[in-house]
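Worksheet for the structure shown next.
The values are calculated or read from the model by the stated rules, or taken from the named source; none is laboratory data. All of these numbers come straight from a predicted model, not from anything done at the bench. For neighbour counting, all protein chains shown are included, and Cβ atoms are generated from backbone atoms with ideal geometry for every residue, glycine included. All accessible areas refer to the heavy atoms of the entire protein, side chains included, with ligands and DNA or RNA removed. Shrake-Rupley method; radii C 1.70, N 1.55, O 1.52, S 1.80 Å.
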Amino acid sequence: MAGTPSEIGSTPHGLRLDEIPASNVRSSLAELEAQASQVLNRLEYVKIALAEQQQASMYEQLSLTDGSLQPDKKPADEVLISLETLISQLDVEDEPEFVLPPLDDSSQLAVITYSISAYLSALEKQHLNRLVSKIVADTNRWLSQLFRFIDSSTSYHRDNTECILYAVRLAIANRFPEAENRLAQLQNTTLYISAAGSLFALQNTCRFIGLPVNNIRVIPCNSTLDARGAMDTFELQKVLSADLEAGKNPLFLIADLGFSVCGEVDNLAVLKNICTVNKIWLHTQGHCLAALAVTRGSLSRVKSIPDSMTLSLGTWLGITGIPCILMYRQVPANVLTLFDVDPILSNRLNALTLWTVMQTMGVDSISERIFMAFDTCRQLYEMLKKIEGIRILSKAPRQEAGKSFRALLNNPSNYYALFETAVPVVVFQFDGSCVSNNPAGSANSLLPSPAFTAEAVNDSTVAPGIPNIDEGARNDPVDKTIEKLSNSSYYDRLNGWLGQILLRDCAQLNLKIVKHPMYGTCIRYSPFSLGCGEMLPPDEIIENVVQFIEAQIEILLATVKHKRRFNKLVEQSAVLRLIELNDWAGLGSVHYVPEGWETLLTDQAKTELNRLNSALVDMLKAHDNAFSLGEGSDGLICVR
């Protein structure tokens, strides 16, 4: 930051700024870094306090200040101890564990730099302007080259929602440069987003700017196999035509590139043509954009199509403190400053954390880490598609004969080829289908799946895919006429059980249980949604997890296979009654009722029945832990 007078330059009036002694700068920043590092190191080792005495002492300490209207003056060390106490006061059932994740070198530097940026805001404005201009120029140049968006500008924000807000502001200022009629024209503008997009962020933007929320047009998604989940461009054209006929001004469109649950990708080339013709600002978001950092081909082959795009580099790298990045095509200077009260501090000084992290990691390391994230999705997909009973809902990464996965990402011919290769998520669920009859990625794998519920297996007809007990075991083809839609709750419970097991025993893969609007409960692997300190799983971890998943699928297949027989045996028993439990995904639940007791409805009889069934559960658990105690809707205890 210090330097020779020639490096610092002159003011607009020709006066040279005074040089800041380098020793003063270094000592000030070094002291701040040391203090921040000490605090971070202490917080990393704050454990959850479970002992009653520790909890009691904490509450006693906090109660001294909780009731007062104004805080008393305390030493800084005491305040930090109070903060550690607050952090440690979490209700947990497991053993004590560290609350905050450990920080690697890059993460710690990002957090420390976040503090330094606040400190630097106290600089005299001319010094601050030159400092920030240098940092932003460097960061913008690195990002433009890394993400193949040449001749672009950048701004830095808290999250994706704020990026969309700023992008809409840019679109407004660019479309309506004259301030006089801008407000009147805005009321007639329309904004477009697919049904799979982040509608809340766009609604929030409209409320913030003062646009009517009903000016947002939600475009349905395609249902065809080759473009399932992407914005329906034919519907978009129809809606645009109707808006233009009604005198509306189409302003802004969000293209989704891997942002949704299953990582669908909108047709960017078609959307660009539509937006160009109608003078619409095209904004892109999604994890597929990270693939631009892996490409090594000529820039002419991967052109900068959108007007702006959101880069969530912090979550892609698992580093906290990095702002969300908005990259956008260059616009006139008056457009940039239209909505900024202070252009220096509003969204430019935040670039300091990114400036430091990109230098500590290096472009090659960032690119390689992003490639490895895509590669883990490819590996997991290839392994899961071989497991009978699993359906993969996300797309298969594009393959090309004679080319490796890395080669396809390094030298894409266009955006479509790049984003079809770089699939950022793997979403799967158990549906009981056979690999030979319903291979992953086929047409049937993207339709509502076959499923078997208690109602289906109770039917007098043998449920397809379940062996006919009366005729002997056999593997029937899955009957495609049985839709999952009418049996979804049962399979949601099975997938909920599978997800809980995987979250508990396969924590290294950072899987999530998600609810898909069409397919119900499913399990999602997304290496581009990393939390602070989370790392990408190595190859051996993925292999071990897939083997574990395969073992759990065998249990689920056996459950579905034998459920019909179980229900039939219960029906034939004179002392067992089938109990439906809406939250139970096991083989089934029964209530033991001795003969002649069905007519006894007294409280004493119910108490005795509960005692008998509890004793039965205890006896069964002594032989197999798979048995457990349940309770039906009538309050009577049953055997699960």
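Taking R0 as 41 Å, what FRET efficiency do you get between GLN145 and SER82 from their Cβ-Cβ distance, rounded to the nearest 0.05? That gives a FRET efficiency of 0.35. Could you compute the FRET efficiency for ASP104 and LYS125, with r as their C-beta to C-beta distance and R0 at 41 Å, rounded to 0.05? Calculated value: 0.70.
Taken along the Cα-to-beta-carbon direction at a fixed 7 Å, the label points for TRP584 and ALA558 span 1.9 nm. Once the C-beta distance of GLU368 and MET518 is scaled by a Förster radius of 35 Å, the resulting FRET efficiency is 0.50 to the nearest 0.05.
Per-residue surface analysis assigns HIS127 an accessible area of about 40 Å², computed on protein heavy atoms at 1.4 Å probe radius. Here the simple spin-label model places points 7 Å from the Cα toward Cβ, and for GLN500 and GLU631 these points are separated by 1.6 nm. The lysines whose alpha-carbon is closer than 23 Å to the alpha-carbon of LYS606, local same-chain residues fewer than 8 away aside, are LYS621.
Which of the residue pairs LYS395/LYS563; LYS515/LYS568; LYS512/LYS561; LYS73/LYS134 have a Cα-Cα distance greater than 30 Å in the structure shown? Too far apart for the 30 Å limit: LYS395/LYS563; LYS515/LYS568; LYS73/LYS134.
Taking all protein chains together and rolling a 1.4 Å probe, LYS272 ends up with roughly 50 Å² accessible. Applying the criteria of a DSSP loop state and at most 11 other Cβ atoms within 10 Å to the GluC sites (Glu not before Pro) of segment 95-193 yields GLU97, GLU124, GLU178, GLU180. The accessible surface of segment 488-619, taken with every protein chain in place and a 1.4 Å probe, is 55 percent carbon and sulfur. Fully extending the segment from GLN572 to LYS386, taken as 0.36 nm per residue of separation minus the present Cα-Cα distance, adds 63.1 nm.
With a simple spin-label model that places each label point 7 Å from the Cα along the Cα-to-Cβ direction, the separation between GLU550 and LEU620 comes to 3.1 nm.
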